[in-house]
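Please treat every number below as a calculation from the coordinates, not as lab data. The shown structure was predicted, so the numbers you read here are calculated from the model rather than taken from an experiment. Here the Cβ is made from the backbone with ideal geometry for all residues, glycine too, and neighbour counts use every protein chain on show.
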């Protein structure tokens, strides 16, 4: 059952797997619309729409991380039965990790967890703090993300999330880009300590928002994992 939390990007009558995607800070469900062009025909794609973003612009953001994760998890659990995987980028990667923990606690097990553009817990971000800056300087720094809608630049990022030292059961694939100035190889490899399943890393060309710059290569890679026999 659809809710305001879940935006359909691509659906099919014969679904073999659903991919739920969480955007980066300031981004909304539309970040993933281009992905539809490169999906396998039996893969469904849904984007998580957070309060305060795009179609939910008038709703106040949820500041309580635990409540936010519970709301997203409940929406996915009420959606119907089908194998699924989770993808999150940057802040969305941290949310995806917490979401997977919550779903597994409730007996819902993703086939894969894809975390991209996000350092693992315990690794300090290379990104300089910007929350203390005057408004004009803050917006200039945030503009480095590229492709961020101008209206989004008026919204502050979530407070950085410190993930607990817990492990997911799902196979975890950490994804990074070579030109991401905020990510080191060691900080990506650190995600291997946060799963009891299989772990691997994958690198692409592009900056921090390589998912917008190198969309086809990224989606092709994800499809190769979700459909290894094709």
Item to check | Kirkwood-type radius of the range 1-127, with distances r between different C-alpha atoms, in Å | outcome: 14.9 Å
Checklist outcome for this item: By Cβ neighbour count within 10 Å, fewest first, 105, 18 rank 105, 18
Checklist entry - Sorting 15, 82 on the 10 Å Cβ count, fewest up front, what's the list? => result 82, 15
Item to check | Likely footprinting exposure, 24, 87, 57, fewest C-beta neighbours within 10 Å first | outcome: 57, 24, 87
